[in-house]
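Have a look at the structure below, then the notes.
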Amino acid sequence: MAALAAVLCAPTVLAGASDPAGATAGAVTAVPTGAVTAVPAGAVHAMHTGPQPTPAAAVASDAVVTVEHARECASVRRAGAVTVVVPVVVDMGGPSDEAEVSCVSVPAGSTDAQVLSARAKLLGLPSPRYAVSGLLCGIDGYPATGCGQQNGSHYAYWAYFHGGSSWTYASEGPASWTVSAGDVEGWRFEPEGSATPADPPPRSPSGAQTLCPASVPPTTTTTTPSSTAPSTSPPTTTATATGASGGQGGSGASPSSVNPSGPAPSVAGTGATGPTAARGARPDPGVGTTTSVPPPSPAPPGRSASPVRHQTPPSRLAVRRTPTNGGAPIGLIIAVVLIAALAAGAAFRARRRTAAQ
Amino acid sequence: MTDVVARRLTGVRVAPLHPVAWWTWAILLAAAAARITNPLCLGLILVVAGWVAVSRRPQSTWARSYGTLLRLGALVVVIRVVVQVLFGQRLPGHTLFTIPSLALPSWMAGVTVGGPVTADAIVGAACQGLRLAAILACVGAANALVSPFRLLRCVPAGLYEIAVAVTVAVSFTPQVITSIGQVRDARRLRGRAVSGPAGVRGIAVPVLESALERSLALAASMDSRGFGRRAVSASRQRLASAATLAGLLGLAVGVYGVLDAGAPSELGLPVVGVGALLVITGLVATSVGGRTRYRPDRWSGREWVTVFVSAAALAAIVVVGRHDAASLTMPVYPLSLPAAPPLALVGLLLAALPSVVAPPPIDTAVR
């Protein structure tokens with residue numbers, strides 16, 4: 001698939017305790033435990049060329065973040081496919097949730113639905129769930145069941161917005177919106193939505209330049225790590241590292257060490273917090289793709305750097321990681337055999353009656 | 001009625017199942033199918049309806065309607081998939097092939113012409129088509145199991161006008177099926193084409209003509225035999241007709257409110273209740289005349305069992321839908337195997353019981 005190839009072509013961040021294969025092309029930056037890296041420009045794909053790090057390794061101290069240029073890139077570059085970097089904002093909608101921003105690189109001409117799928121692939125999260133009608137039911141596996149459930153006069157649904165100077169409630173589905181440079185895709189889960197444009201937008205800035213600074217003008221697949229590496233992080237992403245709950249791992253909340261001289265995209269991370277550690281424990285430690293932009297708030301004193309963070313309450317993570325397809329195939333086989341037997345019996349009986357007449 | 005005569009001649013005393021029982025069974029099964037896109041449950045409904053139809057259909061001209069409506073259902077599935085391939089939503093999935101696409105103006109947002117065709121979209125469309133095919137199969141089974149004329153005899157006098165219209169409409173499909181067979185046979189005997197475009201052209205006109213003629217003849221014969229003649233005053237008759245009509249309208253709206261989850265809740269059961277009350281009033285008002293029925297169909301334990309098992313099937317589907325709605329739908333985006341909800345499958349399987357409970361048709365009972 002072209003979309004996947006383009007994604008693979010982007011600078012790749014590898015996380016692991018040690019990965020000699022990945023250390024060849026990029027700089028190695030040590031960051032504190034479980035820190036989340038953010039690459040504001042270009043798509044970043046968490047790819048494993050080496051052994052899959054175990055959760056324990058991912059949570060271990062001084063995880064190594066490696067930036068590598070994927071080998072697949074060369075072929076795509078030769079094809080000259082033009083890609084667009086689309087910021088995707090996903091807001092889980094809960095009072096303590098914050099919007100997550102992912103910068104997804106897709107081929108030009110993709111739809112927002114494809115962007116959303118590419119994002120899920122990028123993060124190793126469940127792909128978006130749609131109803132047969134095309135209504136989006138779930139993002140990242142949330143909610144696990146149901147689709148626009150009605151609750152009195154309210155609907156629990158994912159509201160779809162387009163960014164820009166401000167958030168606009170979309171008037172059509174993501175499958176019929178073709179992305180172009182400067183587009184921002186925004187999603188917010190409305191637990192008590194009215195299904196009208198009055199529903200609240202995602203709690204994050206709406207400008208593409210703000211969310212993924214190098215995405216405007218569009219970058220192509222010929223981007224190299226050095227060309228996409230801004231030395232500073234977006235100014236709006238000032239945040240405090242709030243350890244939501246949990247608190248396992250070292251909640252140091254210390255600013256990460258950023259290697260400004262290296263060819264790597266700027267890597268910013270906060271100290272490990274509980275939720276961050278939970279994220280590190282995922283099977284696919286897809287670091288560096290999703291950042292969290294808190295609602296605009298005054299920067300705390302003494303923190304001029306811009307730690308971008310990802311915050312997902314552990315409960316939500318549990319929801320996300322619940323396998324959706326847990327049905328045993330035994331029931332399926334029994335049902336199929338039953339149907340086949342009944343159909344064969346009916347056909348036999350019909351034939352016998354016809355012959356008897 | 002030939003089957004009645006045959007029964008008297010052979011001395012077989014078992015009366016065929018009440019027509020209303022068969023139609024209730026079929027309609028309840030179709031109502032269950034309308035709530036499902038899970039291909040396993042839909043497939044089970046298809047084979048259950050088919051099994052009962054081939055087991056208990058009498059030897060009559062419309063006994064073939066199940067097979068015919070099954071083929072019609074297959075056509076529906078094909079049309080649904082083709083429409084999906086050409087104009088459907090282009091959601092990301094497992095792309096099979098890409099057809100040339102057309103750029104449409106922005107006011108046609110949501111509609112696409114051409115583009116990538118995914119396995120997910122095709123499976124989703126096929127399951128939606130299958131739902132319609134299952135409903136058609138239920139109607140086909142009812143048509144195969146009971147002649148529409150027997151159903152007509154059961155309609156109360158208060159519903160005279162409606163009964164005539166419904167019976168003529170309902171009998172149209174089996175009449176068409178009968179006519180097709182007759183016209184084909186006639187053409188074959190004359191050495192004319194029965195298949196291909198020439199065959200279709202030669203068959204279509206006489207079939208439509210004869211079906212229409214038969215329907216009119218049916219209406220005329222019912223009228224000449226005094227069907228629906230009532231012994232009540234004209235004013236009372238009008239009042240009863242109005243009440244019945246309003247009641248039926250209320251029932252239709254109310255049933256829509258019950259079945260459609262998006263309808264306002266006050267549209268559901270209250271409207272059904274008011275409609276049923278009006279219909280009963282109309283029926284009672286017109287039944288005062290004291291009509292007698294010639295050789296009426298009896299409603300016994302077999303009929304109750306038939307209605308009960310189909311109601312149980314629908315109830316099982318409703319209960320499963322309340323607790324685990326996802327198991328009744330085909331998971332399309334992302335594509336995965338359908339669930340096999342045990343309660344729903346057992347409930348639907350229960351609906352095959354009339355193939356044992358109902359008395360066997362005359363031709364097999366003789367042997």
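The values are calculated or read from the model by the stated rules, or taken from the named source; none is laboratory data. From a predicted model like this one, the values you see are computed outputs, not experimental measurements. We place every Cβ from the backbone using ideal geometry, glycine too, and count neighbours over all the protein chains shown. Calculation scope for accessible area: heavy atoms of the full protein, side chains included, ligands and nucleic acids excluded. Shrake-Rupley method; radii C 1.70, N 1.55, O 1.52, S 1.80 Å.
For segment A:117-135, enumerate the residues that are within 9 Å of chain B (Cβ to nearest Cβ) and either touching a helix residue (DSSP H, G or I) at 6+ places or on another chain (Cβ under 6 Å) or outside any helix (DSSP H, G or I) (or both).
A:A118, A:P126, A:S127, A:P128, A:R129, A:Y130, A:A131, A:V132, A:S133, A:G134
For residues in segment B:30-77 being facing another protein chain (nearest Cβ under 10 Å) and part of a loop (DSSP other than H, G, I, E, B), which is farthest from B:A340 (Cα to Cα)?
Top of the filtered list is B:Q59.
Scan segment A:333-357 and report the pairs whose first residue is within 7 Å of another protein chain (Cβ to nearest Cβ) and under 14 Å from B:R57 (Cβ atoms) and whose second residue is of a type in the set (S, T, Y) and open to solvent by less than 40 Å² (accessible area, probe 1.4 Å), with Cβ atoms within less than 7 Å and a gap of 6+ or a chain change.
A:R349/B:S55
Output the residues belonging to segment A:143-166 that are open to solvent by 40 Å² or more (accessible area, probe 1.4 Å) and more than 13 Å from chain B (Cβ to nearest Cβ).
Passing the criteria: A:H154, A:S165, A:S166.
Would you kindly identify the helices (runs of 4 or more DSSP H) lying entirely within segment B:104-214 that contain at least 2 residues that are within 14 Å of chain A (Cβ to nearest Cβ) and in contact with a helix residue (DSSP H, G or I) (Cβ under 8 Å, 6 or more places away or on another chain)?
Helices (runs of 4 or more DSSP H) meeting the threshold: B:119-145.
Looking only at segment B:82-124, which residues are buried (at least 22 other Cβ atoms within 10 Å of the Cβ) and touching a Lys or Arg at 6+ places or on another chain (Cβ under 9 Å)?
Result: B:T118, B:A121.
Within the bounds of segment B:104-113, is there any residue that is at pLDDT below 85 and touching a strand residue (DSSP E or B) at 6+ places or on another chain (Cβ under 6 Å)?
The answer is yes, given that some residue of segment B:104-113 is at pLDDT below 85 and touching a strand residue (DSSP E or B) at 6+ places or on another chain (Cβ under 6 Å).
Which condition breaks for B:V356 when tested against (1) buried (at least 16 other Cβ atoms within 10 Å of the Cβ); (2) within 14 Å of chain A (Cβ to nearest Cβ); (3) among the aliphatic types (A, V, I, L, M)?
Going through the list (1) buried (at least 16 other Cβ atoms within 10 Å of the Cβ); (2) within 14 Å of chain A (Cβ to nearest Cβ); (3) among the aliphatic types (A, V, I, L, M), B:V356 breaks only (1).
Please pick out the residue among B:V194, B:V166 that is among the hydrophobic types (A, V, I, L, M, F, W, C), closer than 30 Å to B:G226 by Cβ and either surrounded by fewer than 16 Cβ atoms within 10 Å (Cβ to Cβ) or modelled with pLDDT of 75 or more (or both).
Just one listed residue meets the conditions, B:V166.
Just checking, does segment B:322-336 include any residue being surrounded by 16 or more Cβ atoms within 10 Å (Cβ to Cβ), without any contact (Cβ under 8 Å) to a residue 24 or more places away in the chain and over 24 Å from the mean Cα position of the chain (by Cα)?
The answer is yes, given that some residue of segment B:322-336 is surrounded by 16 or more Cβ atoms within 10 Å (Cβ to Cβ), without any contact (Cβ under 8 Å) to a residue 24 or more places away in the chain and over 24 Å from the mean Cα position of the chain (by Cα).
Quick one: A:A156 ticks every box in (1) within 25 Å of B:V111 (Cα to Cα); (2) assigned to a strand (DSSP E or B); (3) touching a residue at least 24 places away in the same chain (Cβ under 8 Å) bar one, so which box is it?
Result: A:A156 passes all but (1).
Does A:Q114 satisfy the condition of being facing chain B (nearest Cβ under 9 Å) and crowded, with 22+ Cβ neighbours inside 10 Å?
It is true that A:Q114 is facing chain B (nearest Cβ under 9 Å) and crowded, with 22+ Cβ neighbours inside 10 Å.
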